[in-house]
Amino acid sequence: MSRILTGIQSTGTPHLGNLLGAIVPAIEMSNKSENEAFLFIADLHSFTQIKNPTELKENTLSTAATWLSFGVDVHKTVFYRQSQIPEVTELMWYLLCLFPYSRLSLAHGFKDKADRLGDVNGGLFTYPMLMAADILIYDAEFVPVGKDQEQHIEFTRDVASRFHAQFKETFVIPEGLVNENTKIIPGTDGQKMSKSRNNFINIFLPDKQLRKQIMSIQTDSKELEEPKDPATCNVFALYKLLATDEQIQNMTELYVNGGYGYGHAKQALFDLIVEKYKNQRERYWYLMEHPEEIIAALKIGEDKARKYAKTVLERVRATVGY
């Protein structure tokens, strides 16, 4: 059996890109009998950005409700909030004391803001070691990552190796699972869907607001009667990710034959999302109205996660001399 770990930050309701790129694949992986999955909400990482207690709590509940609405099995997986496992921050300290400042300064998250150091807090600078602790404290063997996240695994493997060289072999050295075929989910402007770009689609919005988001997708200025190229259209790119082969073929014909406007295509995308995710949307809304059920579901995984974390941390403490 392989132990797999993945997490997602609670910086807001997960958008369609998060769902297709991370959450749904992780749940599918967790359902395979040969895997033991640790799926967590990285709410400590979120604190580097969000300092409002109400917003932080709401985002955490919303992220958990998303996982639950898409069918994560809390009895089969270890599903938990990072913040409820204090052992991870103690391990982070030991790792920080073994990892060079110069290496931390090369982290993508820090380098992206290195020209505006006033925006950089200590948490943002040291977060790669919190990520490493997230992985190492559960003896995770495999961590699914995108191509732009491979550095996280490199840092984790590096600090674990430094620990072993200084003391003795203590950790499982993880491997990154990089899916070379992972598609970039386009946002409403055609760039990668992202909260920071404000180009995302939130499928859990009420119908009127969701439709407004979809209607904001950027297109070219071709007239209704003109043929259109589906290969260059942002609306079609999103539709294709969700539709059946038959639906894709029908939409393609409508585009190339002309007499079909982008407004029609956007309405078709809206209808498809509402129908495809009907059950998930209803489940999400129910859970957000019953937060006690979300907390109860998380508690199941958190009890299991702390047992695993305590075992590994005791091993580490004994190794370093505490």
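The values are calculated or read from the model by the stated rules, or taken from the named source; none is laboratory data. None of the values given here were measured: they were computed from a predicted structure. A quick note on method: Cβ atoms are made from the backbone with ideal geometry, for glycine too, and the neighbour counts reach across all protein chains shown.
The helices (runs of 4 or more DSSP H) falling completely within the stretch 72-177 that include 1 or more residues that are in contact with a Ser or Thr (Cβ under 7 Å, 6 or more places away or on another chain) and not aromatic (Phe, Trp, Tyr) map to 87-96, 101-104, 122-136, 150-166. The residue that is nearest to the chain's Cα centre (by Cα), among those in the stretch 34-86 that are over 16 Å from Ala22 (Cβ atoms) and among the β-branched types (Val, Ile, Thr), is Thr60.
Could you please find all residues in the stretch 1-13 being assigned to a loop (DSSP other than H, G, I, E, B) and either within 18 Å of Phe38 (Cβ to Cβ) or hydrophobic (A, V, I, L, M, F, W, C) (or both)? Walk me through it before giving the result.
Within the stretch 1-13, the first condition is being assigned to a loop (DSSP other than H, G, I, E, B), and the residues that meet it are 1, 10-13.
Result: Met1, Ser10.
Between Arg103, Arg157, Arg162, the distinction of being touching a residue at least 12 places away in the same chain (Cβ under 8 Å), basic (Lys, Arg) and buried (at least 18 other Cβ atoms within 10 Å of the Cβ) belongs to Arg157 only.
At least 2 residues that are in contact with a His (Cβ under 6 Å, 6 or more places away or on another chain) and surrounded by 15 or more Cβ atoms within 10 Å (Cβ to Cβ) in each: list the helices (runs of 4 or more DSSP H) lying fully within the stretch 219-322 that qualify. Explain how you work it out, then say what you get.
Numbers: elements: 234-242, 245-257, 262-276, 278-289, 291-320.
Because the criterion is at least 2 residues that are in contact with a His (Cβ under 6 Å, 6 or more places away or on another chain) and surrounded by 15 or more Cβ atoms within 10 Å (Cβ to Cβ), no helices (runs of 4 or more DSSP H) in the stretch 219-322 meet it.
Looking only at residues of the stretch 167-192 that are at pLDDT 95 or above and among the hydrophobic types (A, V, I, L, M, F, W, C), we find that the one that is surrounded by the most Cβ atoms within 10 Å (Cβ to Cβ) is Phe171. Within the stretch 294-306, can one find any residue that is among the aliphatic types (A, V, I, L, M), more than 21 Å from Ser69 (Cα to Cα) and in contact with a Phe, Trp or Tyr (Cβ under 8 Å, 6 or more places away or on another chain)? Yes, the stretch 294-306 has at least one match. For the stretch 6-22, a tally of residues being in contact with a Leu (Cβ under 8 Å, 6 or more places away or on another chain) and either surrounded by fewer than 20 Cβ atoms within 10 Å (Cβ to Cβ) or not small (Gly, Ala, Ser) (or both) returns 3. Residues in the stretch 16-60 that are in a loop (DSSP other than H, G, I, E, B) and within 27 Å of Thr126 (Cβ to Cβ): Phe47, Thr48, Gln49, Ile50, Lys51, Asn52.
Residue-by-condition table, conditions (1) outside the structural domain of Ala133 (by TED's automatic domain parsing); (2) out of contact with any helix residue (DSSP H, G or I) (no Cβ under 6 Å at 6 or more places or on another chain); (3) aliphatic (A, V, I, L, M):
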| position | (1), (2), (3) |
| --- | --- |
| Gly12 | no, no, no |
| Asn18 | no, yes, no |
| Ala26 | no, yes, yes |
| Ala42 | no, no, yes |
| Phe47 | no, yes, no |
| Thr54 | no, yes, no |
| Lys57 | no, yes, no |
| Ala65 | no, no, yes |
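Could you tell me whether Phe200 is in a loop (DSSP other than H, G, I, E, B), in contact with a His (Cβ under 8 Å, 6 or more places away or on another chain) and either on the phi > 0 side of the Ramachandran plot or not assigned by TED's automatic domain parsing to the domain that holds Asn59 (or both)? Against the criterion (in a loop (DSSP other than H, G, I, E, B), in contact with a His (Cβ under 8 Å, 6 or more places away or on another chain) and either on the phi > 0 side of the Ramachandran plot or not assigned by TED's automatic domain parsing to the domain that holds Asn59 (or both)), Phe200 qualifies.
Can you tell me how many residues within the stretch 48-60 are modelled with pLDDT of 95 or more and either surrounded by fewer than 19 Cβ atoms within 10 Å (Cβ to Cβ) or on the phi > 0 side of the Ramachandran plot (or both)? Write out each step before concluding.
Of all residues in the stretch 48-60, those modelled with pLDDT of 95 or more come to 52-60.
Going one step further and asking which of them are either surrounded by fewer than 19 Cβ atoms within 10 Å (Cβ to Cβ) or on the phi > 0 side of the Ramachandran plot (or both), we end up with 52-58.
Total meeting the criteria: 7.
For the stretch 23-33, the candidate set comprises residues that are free of Cβ contacts under 8 Å to residues at least 60 places away in the same chain and within 11 Å of the chain's Cα centre (by Cα); within that set, the residue that is surrounded by the most Cβ atoms within 10 Å (Cβ to Cβ) is Ile23.
Within the stretch 264-273, can one find any residue that is farther than 30 Å from Lys222 by Cβ and at pLDDT 95 or above? No; the residues of the stretch 264-273 include none that is farther than 30 Å from Lys222 by Cβ and at pLDDT 95 or above.
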